[in-house]
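Novice: Would you mind keeping the following structure in view while I ask a few things?
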Amino acid sequence: MKNNKPALLKRIRESRLFWPLVALALILITDAIFAPGFFKIGILNGHLYGNLIDVFNNSAPLMLVAIGMTLVIATGGVDLSVGAVIAISAAMGAVLINPALGNKLITNDILTADTTNTPLWLIILADLGAGTLCGLWNGFLVSRGKIQPMVATLILMVAGRGIAQLITNGQIMTIYYTPYFYFGNGYILGIPVSIYIVAIVFLLAWFLVRKTSIGLFIESVGVNAKATYYSGISEKNVKLFVYTFCGFCAAIAGLILSSYVHSADGNNNGLNYELDAILAVVIGGTLMAGGRFSLFASVLGALIIWTFTITMYTFGVPANALLAGRAVLVLVVILLYSDYTRRFLNRFLERRGSRHGATN
Amino acid sequence: MTTTDDFILSMKDISKSFPGVDALEGVNFSLKRGEIHGLVGENGAGKSTLIKVLTGVEHPDIGTIELDGKLIQVRSPQHSQEIGISTVYQEVNLCTNISVAENIMLGYEPHRFGSIDWKKLNALAKNALKRLDIDIDVTQPLGNYPVATQQMVAIARSLEITSAKILILDEPTSSLDVNEANQLFDRMRKLKSEGIGIIFITHFLDQVYQVSDRITVLRNGKLVGTYDTASLPRVELIAKMLGRSITDLDEVSKAKFTGEQKEGKKCLLEAKGLGRAGSIDPFDMQLFANEVVGVAGLLGSGRTEIANLLFGVDTPDTGTLTLNEQKVDHFSPLESLENGIALCPEDRKAEGIVGDLTIRENIILALQARYGYFKYLRTQEQYEIAEKYIQLLGISTPSPDQLVKNLSGGNQQKVILARWLATNPQVLILDEPTKGIDVGAKAEIQKLVLDLAEEGKSCIFISSELEEVLRTSHRVVVLRDRKKVAEYPGDVDDQTIIQTMAGTL
């Protein structure tokens with residue numbers, strides 16, 4: 001039994017989730033020491049509230065995008081357009097909700113009335129459809145056009161915000177429609193609706209990659225695309241799928257975000273989400289070169305980013321210093337993940353372990 | 001005549017192994033002053049490793065190197081240049097956008113009052129080229145000159161900056177036409193007369209005979225021998241490169257496939273006038289059940305091209321391919337997989353293994369591709385399949401969850417074989433299945449191929465080792481210069497095949 005202990009410790013340390021969990025624990029411990037109120041969860045009007053609930057609620061869109069981004073990165077690609085896709089999806093929703101749509105007579109009363117001519121299901125469908133189409137476009141450029149992923153998705157990253165502004169006619173469009181607010185602000189059994197959405201998408205993605213062969217094919221393409229092709233797998237279709245799925249995920253994120261802020265803003269919806277999503281995936285330990293991936297680790301990565309952000313707010317760090325703070329997080333993460341640091345830490349831990357063994 | 005004292009370089013008992021493969025085993029190599037020495041061998045023979053050891057890119061595990069009678073250790077490529085060994089690689093690695101003179105003197109520019117002395121630099125460069133009888137405007141960008149001239153500039157640079165005693169030319173003629181190559185050979189002879197020893201690596205045997213004094217043949221990391229060019233007939237050279245010596249593969253035997261048997265057999269694969277421009281000229285080929293067809297040919301004769309065409313990696317532009325009496329009209333690996341053809345590709349690392357995945361995942365990959373996205377094999381089934389083939393093929397590993405990149409070359413090859421056997425193919429194309437793996441594993445794979453044929457499958461066996469092809473095949477197809485030139489029954493003698501390959505029959 002005694003012999004099992006170091007082996008178990010080693011297994012835990014080599015697990016994919018070990019480092020993300022350590023990072024999350026470190027942030028939470030800091031909170032526990034310096035901001036005792038951080039963990040307080042209360043009930044207000046029948047829903048839970050508190051910093052931790054904020055963390056979950058705020059990180060929901062990023063978690064969604066991170067799930068899609070994980071699959072793209074696992075094939076050795078990257079999708080820079082997710083932020084722009086969020087804006088397109090938000091703009092689609094806002095424009096369809098707008099009761100003036102198709103009406104010649106526009107008055108302020110109509111624009112601020114809590115009604116819409118479009119059924120909710122159609123709004124959702126249009127949101128998700130637009131995002132999925134964007135993903136499909138990226139997928140075609142990468143798989144059929146053989147354009148490097150970074151360049152291919154850069155096109156939509158730049159063009160996407162313009163498209164979003166075209167949809168909303170260059171305006172920041174305020175949304176007045178209560179049912180739509182449900183996705184970003186609603187609660188079921190006291191828990192934010194957005195968390196349920198993340199759970200559903202996560203389960204869907206998990207089912208796709210672990211219960212069908214897509215996950216294996218994605219990893220295989222990421223490790224060696226040529227050998228995968230020689231094995232009779234259409235690497236093109238695998239790539240097409242991951243970009244499309246990533247667009248789908250970004251569209252849901254756009255739905256939640258626009259619902260949360262009650263507006264669609266082509267310039268600011270989902271700003272920098274591509275970078276945060278890549279960061280979340282990297283924190284989760286998936287290599288940018290492709291190959292092995294873990295959806296759960298990426299979701300943890302998104303959670304870490306937002307726990308860190310909310311922590312900074314709690315400490316009273318001004319909003320304009322936030323990015324500098326994030327830079328520190330990025331630096332620490334990258335250092336933690338470098339082979340050199342890991343070797344050093346592993347050696348350190350092993351030496352400690354063997355000394356323990358000797359004293360027994 | 002040169003005497004034995006004239007050895008400028010002698011490498012003794014050089015061995016170098018990489019994980020899973022012995023790249024060099026006790027190789028001796030010597031170079032005389034004022035000699036052009038041809039170094040030949042098929043892919044994986046160890047030519048490039050030997051050169052890397054000599055130029056300090058790799059360090060030998062054992063063995064000694066003597067330069068001018070003094071024992072030396074080559075620490076790095078830079079060190080090798082300092083001691084007078086210069087190398088010109090196959091691809092000209094100079095900068096085409098700067099002038100010829102700058103290219104020649106790069107890093108060794110003469111200075112005057114702290115800045116580059118351009119006049120002197122150009123004069124030095126001009127001088128360096130004069131040594132090779134070349135008179136061009138050295139202030140022009142290198143890219144303005146043809147590749148042949150660029151090659152000369154590369155040689156001039158290596159001679160100028162190192163006062164070279166030994167010049168290594170690695171496939172220098174691969175991008176030159178006949179006239180340009182002849183010009184190069186004139187320069188080589190001139191340098192030879194100045195007392196420089198030249199090592200000439202090429203797979204053009206004509207050129208070896210045209211210019212070299214002696215020839216060293218390597219095969220599978222071992223020295224076959226060093227011969228005077230004048231006393232080594234061409235046919236014999238090819239035989240030595242391909243290897244006919246009987247090794248410990250004797251347990252492999254085959255039931256000969258006679259003409260009468262063939263009549264009743266089912267034709268599994270038939271290619272009619274199948275060809276692809278720039279790849280392989282149209283050829284006919286038939287493959288029957290229970291049969292192994294060997295493909296023999298020198299490097300670049302179209303061996304791999306045939307495999308890629310039959311498997312659908314490349315799309316043919318003429319001819320037809322019939323499988324099980326059904327015409328194939330869509331060419332892709334997936335289509336071939338569904339038609340029951342499998343290919344173990346030549347380049348194991350780039351086209352075969354998926355290194356960061358486990359043995360289990362590598363083995364089920366093709367089978368899963370055939371089942372598609374939604375019929376995912378349960379983990380239990382995956383392990384069963386993996387275990388079955390690990391046992392069947394004798395893959396030595398502690399567990400099916402081992403990453404494939406950690407296996408030796410032979411075991412990796414077996415994993416790829418397992419990947420295809422799991423799909424239960426009727427036709428198995430093996431492109432260099434024994435390349436870079438040890439003798440024991442080679443024999444196992446050859447035996448496996450014959451066992452498969454006995455079970456009713458048929459194989460196309462492509463190998464650069466003629467002996468191996470003859471040992472396993474019931475029929476042999478011979479290729480030369482991207483053409484199918486002959487087809488022999490399996491009991492043909494190796495001389496006939498060698499002469500066919502050399503074009504002297």
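The values are calculated or read from the model by the stated rules, or taken from the named source; none is laboratory data. These numbers were taken from a predicted model, which means no experiment stands behind them. All Cβ positions, even for glycine, are placed from backbone atoms using ideal geometry, and neighbour counts span all protein chains on display.
Novice: Any idea which of B:Ala307, B:Ala342 is more than 8 Å from chain A (Cβ to nearest Cβ), under 23 Å from B:Arg276 (Cβ atoms), assigned to a strand (DSSP E or B) and touching a residue at least 12 places away in the same chain (Cβ under 8 Å)? Break it down into steps so the answer makes sense when it comes.
Specialist: Values: B:Ala307 fails: assigned to a strand (DSSP E or B).
Checking each option against the conditions leaves just B:Ala342.
Novice: Taking the stated definitions as given, is A:Ser194 out of contact with any Gly (no Cβ under 8 Å at 6 or more places or on another chain) and buried (at least 16 other Cβ atoms within 10 Å of the Cβ)?
Specialist: Details: out of contact with any Gly (no Cβ under 8 Å at 6 or more places or on another chain): no; buried (at least 16 other Cβ atoms within 10 Å of the Cβ): yes.
So A:Ser194 fails the test.
Novice: State whether the residues of the range B:385-402 include one that is in contact with a Pro (Cβ under 7 Å, 6 or more places away or on another chain), at the interface with chain A (Cβ under 10 Å from one of its Cβ atoms) and surrounded by 17 or more Cβ atoms within 10 Å (Cβ to Cβ).
Specialist: So in the range B:385-402, the residues in contact with a Pro (Cβ under 7 Å, 6 or more places away or on another chain) come out as B:386-387, B:390.
Filter once more, so that each one left must be at the interface with chain A (Cβ under 10 Å from one of its Cβ atoms): none.
No, the range B:385-402 contains no residue that is in contact with a Pro (Cβ under 7 Å, 6 or more places away or on another chain), at the interface with chain A (Cβ under 10 Å from one of its Cβ atoms) and surrounded by 17 or more Cβ atoms within 10 Å (Cβ to Cβ).
Novice: Given the range B:391-505, what helices (runs of 4 or more DSSP H) lie entirely inside it while holding 1 or more residues that are within 22 Å of B:Ala369 (Cα to Cα) and in the same structural domain as B:Ala366 (by TED's automatic domain parsing)?
Specialist: Numbers: elements: B:409-421, B:439-454, B:466-472, B:494-502.
Output list reads B:409-421.
Novice: Turning to a different aspect of this structure: Return the residues of the range B:328-337 that are under 16 Å from B:Tyr371 (Cβ atoms) and more than 8 Å from chain A (Cβ to nearest Cβ); say none if nothing qualifies.
Specialist: B:Glu335
Novice: Among the residues of the range A:224-237, count how many are surrounded by fewer than 24 Cβ atoms within 10 Å (Cβ to Cβ) and not hydroxyl-bearing (Ser, Thr, Tyr).
Specialist: The number of residues fulfilling the criteria is 5.
Novice: Quick one: which of A:Thr153, A:Thr118 is of a type in the set (Ser, Thr, Tyr) and either touching a Cys at 6+ places or on another chain (Cβ under 8 Å) or buried (at least 21 other Cβ atoms within 10 Å of the Cβ) (or both)? So that I can check it myself, show each step before the final result.
Specialist: Details: A:Thr118 fails: either touching a Cys at 6+ places or on another chain (Cβ under 8 Å) or buried (at least 21 other Cβ atoms within 10 Å of the Cβ) (or both).
When all the criteria are applied, what remains is A:Thr153.
Novice: Let me ask something additional. Can you find even one residue in the range B:283-302 that is among the acidic types (Asp, Glu), modelled with pLDDT of 90 or more, surrounded by fewer than 16 Cβ atoms within 10 Å (Cβ to Cβ) and not assigned by TED's automatic domain parsing to the domain that holds B:Ile416?
Specialist: Within the range B:283-302, one or more residues are among the acidic types (Asp, Glu), modelled with pLDDT of 90 or more, surrounded by fewer than 16 Cβ atoms within 10 Å (Cβ to Cβ) and not assigned by TED's automatic domain parsing to the domain that holds B:Ile416.
Novice: Among the residues of the range B:413-431, count how many are more than 25 Å from A:Val238 (Cα to Cα) and in contact with a Lys or Arg (Cβ under 8 Å, 6 or more places away or on another chain).
Specialist: So the first thing to find is which residues in the range B:413-431 are more than 25 Å from A:Val238 (Cα to Cα), and the list is B:413-414, B:426-431.
If we keep only those that are in contact with a Lys or Arg (Cβ under 8 Å, 6 or more places away or on another chain) too, we end up with B:413, B:426-428, B:431.
Here the count works out to 5.
Novice: Out of everything in the range B:345-365 that is of a type in the set (Val, Ile, Thr) and assigned to a helix (DSSP H, G or I), what residue ends up being nearest to the other protein chains (Cβ to nearest Cβ)?
Specialist: Looking only at the range B:345-365, we keep the residues that are of a type in the set (Val, Ile, Thr), and these are B:353-354, B:358-359, B:363-364.
Those left that are additionally assigned to a helix (DSSP H, G or I): B:359, B:363-364.
Details: B:Ile359: 13, B:Ile363: 11, B:Ile364: 8 Å.
Going through the qualifying residues, I end up with B:Ile364.
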